[in-house]
Amino acid sequence: MSMWDWIEKMDNPHYVSILMNINPYLAKICIAKRNAQIKSAAKSNAQKEAASIITPFRNFTSSKPSGPLLASNTGELSNAFSFNIDNGVEALNNPPVIIIDFIVYPKGITTDNFVSSLKKSLVKNGFNPNINVVIENSFGYENIKAFFNNQKKFNLQFRTFSRGDRVNVGTGGFAELNSSSAVIYKGLNPSNPKKTVSLSKYIDATLHELGHGMFGFEHNTDPNNRMFPYLKKDQKFNELQLNIIRNSIWGTNPK
């Protein structure tokens with residue numbers, strides 16, 4: 001079932017019990033969201049009885065939700081998110097987040113080095129210095145939080161070639177325009193994932209795919225532009241592209 005299916009079933013103690021056994025943290029969030037829906041319905045339809053529905057953990061309040069599954073690569077939970085069952089799920093601070101899922105690990109580099117280098121490169125290219133970059137899987141804490149709070153996020157996935165990928169041999173990665181997601185291939189090559197590639201090339205490939213998936217940048221015919229279809233040393237975004245980045249929700253001057 002999807003998250004929304006679970007939310008709709010939180011009036012039923014049987015399903016509450018099932019979800020609590022699977023993931024206590026997600027169960028508490030679904031209960032919170034369901035209570036928020038009930039209160040909203042009660043207010044809009046003047047049905048006060050709907051607001052009085054009692055669900056388990058109604059008085060539960062936490063600034064650090066508990067349960068399995070919910071961690072960055074450090075295993076620590078963020079303080080930026082808290083929820084109260086009576087008020088529904090609330091984000092105290094909702095900055096956009098880049099979520100990296102390492103389904104496979106690139107040969108010759110560490111995930112910590114990649115994240116550190118990526119953040120430095122993002123800042124150099126007009127991104128907010130406080131940009132949040134985390135490592136976790138598709139059902140991790142940041143993904144769940146963003147889902148329930150309509151938080152802007154970008155999902156970056158490191159993996160090998162998968163059936164259905166429509167890419168050419170030698171393609172380092174791909175992203176649909178404005179899709180808020182991108183894929184980087186291990187080895188920057190779908191047919192040769194064992195290839196050793198430098199950290200700087202992985203960063204350059206990532207910035208290129210962010211250009212597509214985050215800002216809708218098309219390929220550029222200038223070999224020195226970061227959106228040129230082939231990686232080349234010292235490629236950069238042009239001033240127009242940088243202004244778009246700076247003025248976006250991800251940038252130093254969001255509008």
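The values are calculated or read from the model by the stated rules, or taken from the named source; none is laboratory data. Keep in mind it's a predicted model, so treat the numbers as computed, not measured. Don't worry about glycine lacking a Cβ; one is built from the backbone with ideal geometry, like all the others, and counts go over all protein chains shown.
Please indicate, with yes or no, whether at least one residue in segment 124-136 is more than 28 Å from Trp4 (Cβ to Cβ) and part of a helix (DSSP H, G or I). Checking segment 124-136: at least one residue is more than 28 Å from Trp4 (Cβ to Cβ) and part of a helix (DSSP H, G or I).
Do the conditions hold for Ser181, that is, is it closer than 30 Å to Ala32 by Cβ, out of contact with any Cys (no Cβ under 8 Å at 6 or more places or on another chain) and small (Gly, Ala, Ser)? When the stated conditions are applied, Ser181 passes them. Being out of contact with any Leu (no Cβ under 8 Å at 6 or more places or on another chain) and of a type in the set (A, V, I, L, M) is the filter; apply it to segment 123-155 and report the residue that is modelled with the highest pLDDT. Result: Val123.
Of the residues Leu156, Leu207, which is assigned to a helix (DSSP H, G or I) and within 18 Å of Trp250 (Cβ to Cβ)? Give the derivation first.
Numbers: Leu156 fails: assigned to a helix (DSSP H, G or I).
Being assigned to a helix (DSSP H, G or I) and within 18 Å of Trp250 (Cβ to Cβ) holds for just one of Leu156, Leu207, which is Leu207.
Among the residues of segment 92-111, none qualifies, meaning not one is of a type in the set (D, E, K, R), at pLDDT 50 or above, in a helix (DSSP H, G or I) and farther than 30 Å from Asn21 by Cβ. Considering the conditions (1) farther than 26 Å from Gln151 by Cα; (2) surrounded by 13 or more Cβ atoms within 10 Å (Cβ to Cβ); (3) free of Cβ contacts under 8 Å to residues at least 40 places away in the same chain, His212 is excluded by exactly one of them, (1).
Being surrounded by fewer than 21 Cβ atoms within 10 Å (Cβ to Cβ) and farther than 12 Å from Leu156 by Cβ is the filter; apply it to segment 173-186 and report the residue that is nearest to the chain's Cα centre (by Cα). If we take residues in segment 173-186 being surrounded by fewer than 21 Cβ atoms within 10 Å (Cβ to Cβ) and farther than 12 Å from Leu156 by Cβ, then Asn178 is nearest to the chain's Cα centre (by Cα). Counting only residues that are in contact (Cβ under 8 Å) with a residue 60 or more places away in the chain and surrounded by 18 or more Cβ atoms within 10 Å (Cβ to Cβ), which one in segment 227-255 is farthest from Val97 (Cα to Cα)? Within segment 227-255, the match that is farthest from Val97 (Cα to Cα) is Phe237. Can you find a residue that is at pLDDT below 85, part of a loop (DSSP other than H, G, I, E, B) and touching a strand residue (DSSP E or B) at 6+ places or on another chain (Cβ under 6 Å) anywhere in segment 170-186? Looking for residues that are at pLDDT below 85, part of a loop (DSSP other than H, G, I, E, B) and touching a strand residue (DSSP E or B) at 6+ places or on another chain (Cβ under 6 Å), one finds none in segment 170-186, hence no. Here Lys119 fulfils each of the conditions (1) assigned to a strand (DSSP E or B); (2) free of Cβ contacts under 8 Å to residues at least 60 places away in the same chain apart from (1).
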